[in-house]
Every structure is written in structure tokens, then in C-alpha cells.
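Peer 1: There's a structure below that I have some questions on.
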Amino acid sequence: MENKNKIISVKDLKVQFQIKQSFLHELFAKKQKIVKAVDGISLDIHQGEIVSLVGESGSGKTTLGKAILNLTPITSGEVLFKGKKVEHTNKRELKRFRQKAQMIFQDPYQSLDPKSMIIDTVAEPLEVNNLLKTAAERKEKTVKALEGSGLAPAENYLYRYPYELSGGQRQRVAIAGSIILDPDFIVADEPVSMLDVSVRTGILKLLLELKNARNLAFLFITHDLSLSWLISDRIAIMYLGKIVEIGPADEIIKNCRHPYTRALLSIMPIPEVHRNRNRQVLKGEIPDPTEIPRGCRFNTRCEFAHDRCYNEEPQFTAISDNHDVACHLAAKEQ
Amino acid sequence: MELLQINNLKTYFEISAGTVKAVDDVSLTLNYGESLGLVGESGCGKTTTALSINNLLPDEGRIVSGEILLEGKNLVEMSDREIKKIRWNDVSMIFQGAMNALNPVMKIGDQIAETIVLHQKSSFREALKKAEELFALVDLEPKRISNYPHEFSGGMKQRAMIAMALACNPKLVIGDEPTTALDVMVQAQILNLLYRLRQELNMGLILITHDLSILGETCDKIAVMYAGKIVESGDVEDIFNRNKHPYTHKLLSSFPNIHRERIMPEAIEGIPPDLINPPPGCRFHPRCPYCIEICRSEEPAMTMESKGHYYACHLGGVHNGK
């Protein structure tokens, strides 16, 4: 892992949002409410690697993805792209970064312009960046991107509108748009959660192909642990703004240590008959991110929580190579 | 007597392009306290089947033939007034996307009470009291009946929708993708809740979903739908372990299984057919890897494999090497 090229390096990243309060609240100088969406995350993503970010709604997965792409302001910490800082770069460099780091969104029913033909949608990044000389080049590049995304022959799709395509085909169009500038890094935010089960695997296979053929790095955001296991090299489990466990995909599934990962794993639906399965369904929901619990942030829902968990925030402990967990109890098991 | 028996139901939609045969000859049975999973891809007619039971079809849709017997009474022949008495009192529904199903400018308790007042002889005050009890039943704090929907999370809204579905003590509850828009942990909570309520209240439950993997622990029986028809039905073990239809098999193998080896599941090639002009013969044949001549011309009949286990395929069990 060390000798591979680091594409993205996140260092102690924090993203906070202030909640707008009423005039009266301000008048009486009540305490400002701050949402700590991302609360101190460090993460490296290497060339040709898929890292999955798994967690419930409200854990800060999407915010982290957007912060890495510089689509949302960072409160503290830094993001390095190929070793260079992204945050305060000048406009030209930011533009170059935007070409090389792309995003695929969750809902292909909303992310495509319903009034643009497929060729216009896919070729738009080329135009925005003034990378085109001739109309022939525009078509040629679009065809290549569409076929690279599994829409072949591309001529059948170029002059159609999104409403004529199925969900899976739309997501492929969105992917074509994201690879047309030949990026190094893509954030895929729940790219298959809106799709039917029968077409999901097709999209996942496509992402794997892109990774292998172009040596692309991916941050794959999902709430589905089994999907992340299928396609990623490493899995990071996120809870309330922090990564609580990270390691190689197989290691996380077969040998996870954090009680939260274990709970997530125990409730994953599996295509088998399984009565009386030992499921650990957690009570309630993720706590309010304006009031993160003291000590371990998972202590309000953890059945093993004891004194230390309420007072001291657990740090990462290495379980094995590349497998780290932030839990007082898991560390003790060693 | 069965709680619900559907015989040869056909529900068609008349649109400008032609007649959409959304539900084409579907038969089902369900007993008291039993749960049935109705599973299939988008557009296979699952929701239309459910809407036919409650007679909530849009204007273009109509039941062409068949019977829907609820405790022996045929709902298809009932007048609007008669069916109104059945709706919500005997058969209620939990809709997909609870986020949009609640009125945003009305207190949740009032919405539930309104439902009760409309369908049962009850004063508003009594109905509100009942709403509090229902909240307790679905593990929500009773005092929160005076909250508005925006004060609830997605999971809590879905619990409130379930409370509303239970408001008039129905014998049959239909859940149309009740967990699809929810998080994995909340999904597990809601499925547990439905399982518990079904046993406590001895009601029939039909769970409509495209996610076969959630049915393994929540249902007694499963019916697999494809292009308006049921292609295989049986108890959970039949469907998961002894399935006979290639479509059932394909659907099952499109899920990853974290307890097995890490392999990419197979996708089902192609897309479901157009229901205005469905393919002749077996409707699955254009996507079926085992398709032979007869599949293209002759529609397979339902074959009984064992008691309660039926399938419609000329080559029953071909994917298992049989």
C-alpha cells in the first residue's frame, strides 16, 4: 500500500455548519448551534483503489465526499490531491482539480438535465473547459465515453433524451459524463441505491472495470455494507462525523471489531431463509450532530459501554495490517 | 376460510398507446396472521395488484375479470359505498415514501384521528386517545402526537404511517415498499416492528418489495411476479432453497451474500418487457438463458411442485441441473 501513489490525502478534516437561529436567540446571545458533520477525519486513497465509506443517514458520508472535492467549505484540516493542497489554490488550479476529480450522484432521475440530449449532457464538461476544437472531436469523445460506460453502440443513445432511458442507462450516462475528462479520482455517492436489484451489479461491474482499466481511485459512498464489500479494497465505517473502523474489505466483513460495525453487519439482509438470526438491531437513531456525546460518540447506542466510554474518546488502535478501530473495548480484546 | 383469496385477477390500464396488461391472471391466497411477500422488478404489477384489492386504481385502470375474496366477500363486485366500508376498516395500506404520504401542515395525531373518525363511529377526542395508544404500539412517544411531520425523522414517519394503517384494527395490511427509502438500520427496525405487530394482532400482511433479501426473515410465503404474472409461489424455503423458475433463481443470485465467498452477483440481462405487447409464449423467454423452442410459442401453465409450491416454466428447475 505504501509504495502506491496517493491520489487523495485527507488530514484531520473538519466540516461544520452553523444553524441559523432566530433574531431573539441572537438577541439573548443563546449558545450557537453548530453541526459537526465531519469531525476530524484522516484518510488516504491510492491510485487504482476503491475505498468505501459506509454509515447511516446523517453520519456525514456525503459531506466528507463533497469536502474532498472542494464542493463545500472546510472548517479545518486539509485535503491533498497528489500531494498538493487543494483548498486555497488559485482559480486555474482549482479548475484543473475539478477536471481530475469528479462526482457521480445518487439519483440519475435528477442528475441529468431532462431537456438536454445525451450528447449535450456528456460533452458539457469538455465545453465548459474549452477542450474542444471541432464538432467531430466532440462526437468522437462522447462516443468513447458512452461506450466506456457500457452504452454501446453509442450512436443509439447520442441524440436521445433522459426520459427515453431506464434508470440503469441514465446512471451510465452520468458515469460517461464523469469520465469524459479522464479524471484520476471519482466520488460515487450511493450510485446504485435508486436502481433495481437486477441492474445494480451491472453498474458495480462498470465501476470495477473503470478502476482496473484507467487505474482510477474511487470513494464509494453507501449505506449498504454488502455492496461496499463487493467492490472495494478498503471499507471505512463512519459514525457521527468520524471513522470508527477502517480496514481491508474482507477483514471488515469477517473480522470486524467495533460494536457498531458488528451491529451493521448483523442486520444486513442476506438472500437466505434465516429465522431467529442473532440480529443486533440498534435502538433509536444517530444522535443530534449538534450535541455529540462525550467520550465515545457511539456510547448512547452501545450495549457494552462502560465508564471509560463516557469520559474518554477512543483513538485508533491497529488490529492488524491496515485494520484500525477506535473503540476502548475492541482494543482490550487484543 | 382464507382471509384473502384472489382468483385470476386481471387489471388493465387503457392509455393512448394501447392496453397495458399490468396484472394478467394473478391468483393468491393469504390466511389470518400470515405474511406474503410479493416480489419483482419495477413495473411488474406488484403495486397494481395491491391497489386492485383496495380498489384504489387510477382512472385509467380497471379490473377486467377475476375475483378478490376477503373473508368470502367479493370486493370486485362491491359498489363504491360498500368498498369504502372495507377500506381501512378491513384492509389498510402502508405507502412507499412515508416522507411524502403525510400532510406537512397538519399534526400527525390529528391525521391519524381524522382517519379513525372517517371510518369508524368515534368522536375526535376518542380518536386522538386511540392515536396515542397506537403511537405506543409502534414504539413512538405518545405525547408526540401533537408534532408535525417535519419534526419526525424518516423512520419515525414510517412508524406513524404504520400506526395510521393499524388505526381501525384491519385484518389485512398491505405494505408497498415500506422500507425502500429508509436506512439499513431503520429498515431492520421497521421490519422487526411489522413482524411483531402481525403476531400480536393476528393480521394478514402483504409485503411488496423488489428486495427479495429482506423477505427471508419476515415472510411465510413469497410470490414472485414477472411482467404481470406470478411465475413462482411457495413458502419461504421453497423459494429460497428449492426454486424452480429461472427468474426466481436469477433474482436471488443478484444479491451478494456476506456469509459466502466474495463474488460479484450476476445481473439479469435485458429489461422487463413492454406490457402493451408482451412477448408470446413465456414472458421471461427473451431474458432466459435456458430458453428453448417451446418457450417462445407456448405459455407455460402453473405446475404444482409440492403442496403450496407452484411455478410456471416449461423447464422447471433447469437451473439446478434437473
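The values are calculated or read from the model by the stated rules, or taken from the named source; none is laboratory data. Note that the structure is predicted; figures quoted are calculated from it, not measured. Cβ: placed from backbone, ideal geometry, glycine included. Neighbour counts: every protein chain shown. With ligands, DNA and RNA removed, areas are computed over all heavy atoms of the protein, side chains included. Shrake-Rupley method; radii C 1.70, N 1.55, O 1.52, S 1.80 Å.
Peer 1: Note the full-extension length gain between B:L201 and B:R242 as 0.36 nm times their separation in residues minus their Cα-Cα distance, in nm to one decimal.
Peer 2: Going from the current span to full extension adds 11.7 nm.
Peer 1: Here's something else I'd like to know. Just read off the accessible area of A:F304 with the full protein assembly in place, 1.4 Å probe, to the nearest 10 Å².
Peer 2: Estimated to the nearest 10 Å², A:F304 gives 110 Å².
Peer 1: Express in whole angstrom the spacing between the alpha-carbon centres of region A:290-334 and region B:170-220.
Peer 2: So the separation of the two Cα centres works out to 33 Å.
Peer 1: Once the Cβ-Cβ distance between A:D113 and A:R214 is put in as r, and R0 is 30 Å, what FRET efficiency do you end up with, to the nearest 0.05?
Peer 2: According to the calculation, E is roughly 0.70.
Peer 1: Rounded if a/c is under 1.5, else prolate if a/b beats b/c, else oblate: with a ≥ b ≥ c from the C-alpha gyration tensor eigenvalues square-rooted, which is region A:139-210?
Peer 2: Since a/c reaches 1.5 but b/c is at least a/b, the shape of region A:139-210 is classed as oblate.
Peer 1: Still on this structure: So what's region B:209-314 giving for Cα Rg divided by 2.2 N^0.38 Å, two decimals?
Peer 2: 1.09
Peer 1: Compute the long axis of helix A:167-179 from its Cα atoms, compare it with the longest principal axis of the Cα atoms of chain A, and write down the angle in degrees, 0 to 90, nearest 10.
Peer 2: 80
Peer 1: On to the next question. Could you calculate the FRET efficiency of B:S27 with B:Q120 from 1/(1 + (r/R0)^6), where r is the beta carbon distance between them and R0 is 22 Å, rounded to 0.05?
Peer 2: 0.10
Peer 1: Once you put a point 7 Å from the Cα of A:K95 and another 7 Å from the Cα of B:E133, both along the Cβ direction, what distance in nm separates them?
Peer 2: In this crude spin-label approximation the distance works out to 6.9 nm.
Peer 1: Hey, any idea what % of region B:57-187's accessible area is carbon plus sulfur with a 1.4 Å probe?
Peer 2: C and S fraction of accessible area: 49 percent.
Peer 1: Mind checking the full-extension length gain between A:N130 and A:K14? Use 0.36 nm per residue of separation minus the Cα-Cα distance, one decimal, nm.
Peer 2: Residue separation times 0.36 nm, minus the Cα-Cα distance, leaves 38.4 nm.
Peer 1: Summing both sides, how much accessible area is buried between A and B? Use a 1.4 Å probe and give Å² to the nearest 100.
Peer 2: Its buried surface, counting both partners, is about 3900 Å².
Peer 1: Compare the Cα positions of A:T261, A:Q280, A:A217 along the charge dipole of region A:192-334 (+1 at Cβ of Lys, Arg; -1 at Cβ of Asp, Glu; about the Cα centre) and return the one farthest towards the positive end.
Peer 2: Of the candidates, A:Q280 comes out farthest on the positive side.
Peer 1: Quick check: the angle from helix B:108-119's long axis to the longest principal axis of chain B, C-alpha only, nearest 10 degrees?
Peer 2: Once rounded, one gets 80 degrees.
Peer 1: Take A:F23, B:F135 and sort them by solvent-accessible surface of the protein heavy atoms, 1.4 Å probe, largest at the top.
Peer 2: So the residues, ranked largest to smallest area, are A:F23, B:F135.
Peer 1: So what J values fall out for region A:255-261 if you push phi through Karplus, 6.51 cos²θ - 1.76 cosθ + 1.60 with θ = phi - 60°, rounded to Hz, Gly and Pro as x?
Peer 2: 9, 6, 10, 6, x, 5, 4
Peer 1: Report, please, the projected area of chain A averaged over directions, based on the convex hull of its C-alpha atoms, in nm².
Peer 2: Spelled out: convex hull of the Cα atoms, projected over all directions, averaged, 20.8 nm².
Peer 1: Same structure, new question: A 24 angstrom limit on the alpha carbon distance is what I want to check against. Which of A:K242/A:K283; B:K107/B:K129; A:K36/A:K100; B:K21/B:K46; A:K11/A:K95 exceed it?
Peer 2: Over 24 Å Cα-Cα: A:K36/A:K100.
Peer 1: Label B:E298 and A:E164 with points 7 Å out from Cα along Cα→Cβ: what is the distance between them in nm?
Peer 2: 4.0
Peer 1: Also: Please compute the Cα-Cα pair-distance distribution of the protein assembly as shown with 20 Å bins starting at 0, giving whole percents from short to long.
Peer 2: 17, 48, 32, 4, 0
Peer 1: Please compute one quarter of the surface area of the Cα convex hull for region A:60-213 and express it in square nanometres.
Peer 2: Averaging across all directions leaves 9.9 nm² for the Cα convex hull.
Peer 1: Return the FRET efficiency for the residue pair B:E141, B:E82: r is the Cβ-Cβ distance, R0 is 51 Å, and the value is rounded to the nearest 0.05.
Peer 2: 0.85
Peer 1: Can I ask one more? Do any residues of region A:186-204 lose at least 30 Å² of accessible area when the full set of protein chains is present rather than just their chain alone, and if so which, with a 1.4 Å probe?
Peer 2: Correct list: A:D196, A:V197, A:S198, A:T201.
Peer 1: Running Debye on region B:138-190 with equal point scatterers at the Cα sites and no solvent, what base-10 log of I(q)/I(0) appears at q = 0.16, 0.17, 0.24 Å⁻¹?
Peer 2: For region B:138-190 at q = 0.16, 0.17, 0.24 Å⁻¹, log10 I(q)/I(0) is -0.50, -0.56, -1.04.
Peer 1: I would also like to ask the following. Show me the trypsin sites (Lys or Arg not before Pro) within region B:244-275 that DSSP assigns to loop and that have at most 13 other Cβ atoms within 10 Å of their Cβ.
Peer 2: When the trypsin sites (Lys or Arg not before Pro) of region B:244-275 are filtered for loop state and at most 13 Cβ neighbours within 10 Å, B:R260 remain.
Peer 1: Which value does Rg/Rh take for region B:54-146 over its C-alpha atoms, Rh per Kirkwood?
Peer 2: Taking Rg over the Kirkwood Rh, I get 1.04.
Peer 1: What length, rounded to one decimal in nm, is gained on full extension from A:N156 through to A:D250, with 0.36 nm per residue of separation minus their alpha-carbon distance?
Peer 2: Working it through step by step, the gained length comes to 29.9 nm.
Peer 1: Now a separate question. Can you list the equivalent-ellipsoid semi-axes of region B:30-73, largest first and in whole Å, using the square root of 5 times each Cα gyration tensor eigenvalue?
Peer 2: 19, 17, 8
Peer 1: By how many degrees, between 0 and 90 and to the nearest 10, does the Cα long axis of helix B:154-165 differ from the longest principal axis of chain B?
Peer 2: The angle comes out near 80 degrees.
Peer 1: Based on the alpha-carbon set only, what is the convex hull volume of region A:1-112 divided per residue, in Å³?
Peer 2: 163
Peer 1: Turning to a different aspect of this structure: Just for the Cα atoms in region B:126-261, what are the lengths along the principal axes, largest first, rounded to whole Å?
Peer 2: Answer, in whole Å and largest first: 52, 32, 26 Å.
Peer 1: Give me the orientation-averaged projected area of the Cα convex hull of chain B, in nm², one decimal.
Peer 2: The directionally averaged projection comes out at 17.7 nm².
Peer 1: For region B:1-67, restrict the atom set to alpha-carbon positions and state the Rg and Dmax in Å.
Peer 2: Reported Rg and Dmax, both Å: 12.4, 42.
Peer 1: Which whole-Hz ³J(HN,Hα) couplings does region A:297-311 yield from phi under the Karplus relation 6.51 cos²θ - 1.76 cosθ + 1.60, θ = phi - 60°, glycine and proline marked x?
Peer 2: These are the phi-based 3J(HN,Hα) values: 6, 8, 4, 6, 10, 8, 7, 9, 4, 10, 2, 4, 5, 8, 10 Hz.
Peer 1: Now, a different point. Provide the per residue accessible area, probe 1.4 Å, for the protein assembly as shown, rounded to a whole number of square angstrom.
Peer 2: Here the residues of the protein assembly as shown average 45 Å² of exposed surface.
Peer 1: What is the distance in Å between the Cα centres of region A:80-123 and region B:23-46?
Peer 2: So the two Cα centres are separated by 43 Å.
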